[in-house]
Amino acid sequence: MIEAIFFYLFSAILVLSALMVITAKNPVHAVLFLILAFFNAAALFVMLGAEFIAMTLVIVYVGAVAVLFLFVVMMLDINFAALRKGMKKHLPVGGAVGLLLLGELLWIYKSWTPSMFAEQSAASPMPEGVTNTHALGQVLYTQYLYPFETAGLILLVAMIGAITLTLRRRGDVRRQNVSDQVARNPKDVIKVVKVASGAGVEL
Amino acid sequence: MTAFDFHDMIVALPEVKLAAMSLALLLLAVVSKKENYRLVAWLAVAVLAVTGALVACGTHGTAFGDMFVSDAFSTYMKLVVVTGSAASLIMATRYLEHEKASRIEYPVLILFATLGMMLMISANSLISLYMGLELQSLPLYVLAAIRRDSVRSTEAGLKYFVLGALSSGLFLYGASLVYGFTGSVDFTQMAGILQGHASTLPGIVTGMVLVLAALAFKISAVPFHMWAPDVYEGAPTPVTAFFAIAPKVAAIALLTRVLTGPFWGMMQEWQQVIVVISMASMLLGGVAAVAQTNIKRLLAYSSIGHMGYALVGLAAASAAGVQAVIVYMTIYAVMSAGAFAVVLMMKKDGRMVEDISDLAGLGKAQPLLAFAMSVLMFSMAGIPPLAGFFGKLFVFQAAVAEGLYTLALVGVLTSVVAAFYYIRIVKVMYFDEPKKAGFDATEDRGLKFVLALSTFAVMFFIVMPAPVLASAHAAALALIP
């Protein structure tokens, strides 16, 4: 009973905030609604017993992606009204395709039956008596080592790509050179001079 | 739970070595004081040579809990891909230096893309397939935009990235549907499950079609071809050459493995899709290329058409068909390398040109270059006794043997249309009055080497087709016994 109430509560907020994301006039509000939607989706995952996915959703999507969106929206001067201008013109075609896809999905949903092989062939059946974070940890670095390492390479390539496309070396700025600073020896640059009273200092 | 197994490392040795050497090369490129592009580029070629040798004498088997498979098919396709990547690197070096776009990241990104392609070819589960696909795509987006000061290059990169992300989304959606209905991501298990009754469920069919759509995007088959002409035109020419050779071969290999592996039981369903895609690609490749004036755009449409012909073999869904696809892709890669070598030599007064009309008068000014280009164009048109003819012959034979008469007929008719624009290039070179004849003589020995090799291979394939045909046959038997 309580479960059902919370499920409908979270789902309703999720759907409403998702709607607000695409209808809000102010893009900053849209991003904030997106964050709200992520939180509610995370709550639904918790209710399903998938607390690891719930946490990653909050950490990755709310913590990183949504904040990044917020930065982009606030720092770049994007005219969202202009972006939305073609809406009326493209709505009939786009809407028709959307409806078609929705119909197809409903048709698939109608025919859905869990595979009779699902039980025995599930890639990683949930072991008894451990939390699902623990269970993921058990397979991630062993059974799924290969895709895990590949994912690492993909992230490396993304980093190389970002640097390749954006880093510019400018000659006209003075940069802090840490190794030069660390390598400075007091002996070379500091001179301690005893100053006799009444006399000047010759440097 | 499977623990770390040393045997896995031996089966995947070429990939592991390539990854390690790419990382080492990246490190070298970063820590060396001066940007030494040429050293990094040639080291990358050496890395690819070592990888090719390791692939050639590699071990067959599965690794990493059946997620990775190495068989005769993967060995053959990887050799084509590695050779293609190496050729495009050799072709790129001088050009990039001349255009002041020689960045040390370029060879490193090519190496990572090649690694991704090898993982794609060896994928034996939906997860490893997707990882390979992404590892291949990401460097390609960056490479397309590598001349970040040029509007056309950045536009090409952005367009490719957005549409690539869309196709990734389609793939993931399809894969999750397929997983939901079969309960497995492993190709071998999926094949067993889909062999029986399950294949008629609409959900699986939808999932399979979505996966097919995503892979058709990667090979730029119609109706997922829109990005290809713009990206080919906008990207720097060596990058375009790379796009046209290695990733296409890898994506066709992946498509072949997916359709003959897990989805083999749904042959009825996917055959229709492949037939339609193939016909549309051949038609568009033939018709749309006629009006092009830019040689890179022309080659983009030509490659769309070639993908259509390759898919004819796949539509046959037989061992002979798969063999024909393999042979076709090999010949296609060789021809494209040669054609792009010519495009890379199109330089007038120190400036690169890429209009077809710039080729006018080449027959008199540089007879050797014009001859090589004519051979390549005649081969692409499928005129005997050049290699391109045999590629087409094998795919049509395979289609006719399986009763796909309409498809073969459309193929033959469109290749007649396509012959028009290939031969038009030959006509422009020999018979058109030039505004200013000839190109600057190229000093680039790498470019000449690739062009000579590809022209010879195309001309003399008829003399010694046996090695290619035999290995392609063995490779096809690894998929369809």
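The numbers here are math on the coordinates, done by the rules we state, and not lab data. Being a predicted model, the structure only gives us computed values, none of them experimental. Backbone-built Cβ (ideal geometry, glycine too); neighbour counts: all protein chains shown.
Size of the dipole of the range B:1-71 about the Cα centre, Lys and Arg at +1 and Asp and Glu at -1 on the beta carbon, nothing else charged, in debye to 20?
My answer is approximately 580 debye.
Average partner chain C-beta neighbours within 10 Å, per residue of B:58-65?
The per-residue average across the peptide is 2.
Between the helical axis of B:72-98 and the dominant principal axis of chain B, each derived from Cα atoms, what acute angle in degrees is found, rounded to the nearest 10?
With rounding to tens, the tilt is 30 degrees.
So what's the angle, to the nearest 10 degrees on a 0 to 90 scale, between helix B:367-381 and the longest Cα principal axis of chain B?
Here the helix axis deviates by roughly 30 degrees.
In the protein assembly as shown, if the dipole is taken from +1 on Lys/Arg beta carbons and -1 on Asp/Glu beta carbons about the Cα centre, which of B:183, B:109, A:48 is farthest to the positive end?
B:109
Name the lysines eligible as straight-distance cross-link partners of residue B:392: C-alpha to C-alpha under 30 Å, and not fewer than 8 places from it in the same chain.
B:78, B:218, B:248, B:296, B:427, B:448
Can you give the percent of C-alpha pairs in the range A:1-83 whose distance is more than 22 Å?
When every Cα pair of the range A:1-83 is considered, 32 percent fall beyond 22 Å.
Starting from the Cα of residue A:131, step 7 Å along the direction of its Cβ; do the same at residue A:159; then give the gap between the two resulting points in nm.
In this crude label model, residue A:131 to residue A:159 measures out at 2.8 nm.
Hydropathy first: keep DSSP H helices in chain A averaging at least 1.0 on Kyte-Doolittle, then drop any whose Cα extent along the axis falls short of 27 Å, and list what survives.
Length and hydropathy pass: A:2-23, A:27-47, A:145-166.
Label residue A:142 and residue B:290 with points 7 Å out from Cα along Cα→Cβ: what is the distance between them in nm?
Placing both labels 7 Å along Cα→Cβ, they lie 6.4 nm apart.
Rounded to the nearest 20 debye, what is the charge dipole size of chain B about its Cα centre when +1 sits on each Lys and Arg Cβ and -1 on each Asp and Glu Cβ?
1060 debye
Just to be sure I follow: if Rg is taken over the C-alpha atoms of the range B:3-479 and Rh is the Kirkwood radius over the same atoms, what is Rg/Rh?
0.96
Before rounding to the nearest 500, sum -39500 (n - 2.57) across all DSSP H runs of length at least 4 in chain B and divide by the residue total; then give [θ] at 222 nm in deg cm²/dmol.
Helix contribution divided over all residues of chain B: -25500 deg cm²/dmol.
Percent of Cα-Cα pairs per 20 Å bin, from 0 to the last occupied bin, for the protein assembly as shown, please list those.
In whole percents, the pair-distance histogram is 16, 47, 29, 6, 2, 0.
Taking θ as phi - 60°, what are the ³J(HN,Hα) couplings along the range B:281-289 by the Karplus curve (6.51, -1.76, 1.60), each to the nearest whole Hz, with x for Gly and Pro?
5, 5, 5, 5, x, x, 7, 5, 6
In degrees from 0 to 90, rounded to the nearest 10, what is the angle of the helix B:445-460 Cα long axis to the longest principal axis of chain B?
Helix B:445-460 sits at roughly 70 degrees to that axis.
Given points 7 Å out from each Cα along the Cα-Cβ axis, report the residue B:158 to residue B:353 separation in nanometres with one decimal.
Roughly 3.1 nm, to one decimal.
Do you know the relative contact order of chain B, to the nearest whole percent, from alpha carbon pairs under 8 angstrom that are 6+ apart?
15 percent
Amide H to amide H under 5 Å from residue B:125: which residues, 5+ apart in sequence or cross-chain, H placed 1.01 Å off N in plane?
Placed amide hydrogens put B:187 under 5 Å from residue B:125.
Restricting the calculation to Cα positions, tell me the Rg (one decimal) and the Dmax (whole number) of the range B:425-481 in Å.
Using the Cα atoms of the range B:425-481, the pair Rg, Dmax is 18.8, 57 Å.
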